[in-house]
Amino acid sequence: MNQTLVILKRELRSYFATPVAYVFIVIFLVLTGALTFQVGNLYERGQADMVPFFTFHPWLYLFLVPALSMRLWAEERKTGTIELLMTLPVTLWQAVVGKFLAAWFFTGIALALTFPLWITVNYLGDPDNGVILASYIGSFLMAGGFLAIGACLSAVTRNQVIAFIITVTVCFLFLLAGYDVVLSAVQGWLPQPMVDAIASLSFLTHFSSIIKGVIDLRDLVYFGLVIGIFLVANAVVLDMKKAS
């Protein structure tokens, strides 16, 4: 556990040692503000809630999170520092979890910096703060899912651009898994139970449930499984690359 925390702190410091952290946070805050007020019409709706704010989170994460995760392992492999990392007294699993938690914690910082909007909504009306809190939790969990996928795919290649493109593609499929654009492509040749299983993989379906204020155990388990499975896959990919 101590080694995992060491990796976490090392990675978190590296974010703020370069302009990457500040650029990411500024872009995230500017885009969330623009989409909430200009596209989501927060004021014009006449309702004291943050639905327009959270509605755009899946699509923001679709591009911003892969941009963050693409460097996690691709850069280590390209620069050769992954060999140095593996010589430290840490296990492969500790390194994987530590780097992931650092990226997730950093994303949480960016999300937490949107709190003035929550204050604004409370100033303008009487929102259901329980629903807003549940939505923040759901958004944070969904970001973790995106990051776990991105971290795993970042370990596959040395090229950050390729890692970004592959991650965006896979995450896009996870977003739309429960919608006709994906289901219609598999309904003709897969049995219905498998089609239903694919539909249940949709990030949007589970996130939409949470932002309604209902934190269902199934949604928590879903995001937990996505994170866990892709972190295990991340460790397996790195182990295979190390063996080769």
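Of the residues that sit in region 26-49 and are at pLDDT 85 or above and of a type in the set (A, V, I, L, M), which one is surrounded by the fewest Cβ atoms within 10 Å (Cβ to Cβ)?
Among those that are at pLDDT 85 or above and of a type in the set (A, V, I, L, M), it is Val30.
Among the residues of region 197-235, which ones are over 28 Å from Val51 (Cβ atoms) and exposed (fewer than 13 other Cβ atoms within 10 Å of the Cβ)?
Here is the first cut: in region 197-235, the residues over 28 Å from Val51 (Cβ atoms) are 197, 228-235.
Scanning region 197-235 gives Ala197, Gly228.
Conditions tested, residue by residue: (1) in contact (Cβ under 8 Å) with a residue 12 or more places away in the chain; (2) of a type outside the set (A, V, I, L, M, F, W, C).
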site	(1), (2)
Thr4	yes, yes
Tyr22	no, yes
Thr36	yes, yes
Ala48	yes, no
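If you take the residues in region 110-148 that are within 22 Å of Glu44 (Cβ to Cβ) and under 19 Å from the mean Cα position of the chain (by Cα), which one is surrounded by the fewest Cβ atoms within 10 Å (Cβ to Cβ)?
Thr114
Condition test on Val23, is it more than 18 Å from Ile132 (Cα to Cα), assigned to a helix (DSSP H, G or I), at pLDDT 85 or above and more than 16 Å from the chain's Cα centre (by Cα)? Steps first, answer last, please.
On the way: more than 18 Å from Ile132 (Cα to Cα): yes; assigned to a helix (DSSP H, G or I): yes; at pLDDT 85 or above: yes; more than 16 Å from the chain's Cα centre (by Cα): yes.
So Val23 passes the test.
Test Thr114 against the criterion of being among the β-branched types (Val, Ile, Thr) and at pLDDT 90 or above, and give yes or no.
Values: among the β-branched types (Val, Ile, Thr): yes; at pLDDT 90 or above: yes.
Yes; evaluated as a whole, the condition is true for this residue.
Condition test on Ile162, is it β-branched (Val, Ile, Thr) and within 15 Å of the chain's Cα centre (by Cα)? Give the steps one after another, and end with the answer.
Details: β-branched (Val, Ile, Thr): yes; within 15 Å of the chain's Cα centre (by Cα): no.
No, not satisfied.
The values are calculated or read from the model by the stated rules, or taken from the named source; none is laboratory data. Quantities reported herein were computed from a predicted structural model and do not represent experimental measurements. With ideal geometry, Cβ positions are generated from the backbone for all residues, glycine too; neighbour counts draw on all protein chains shown.
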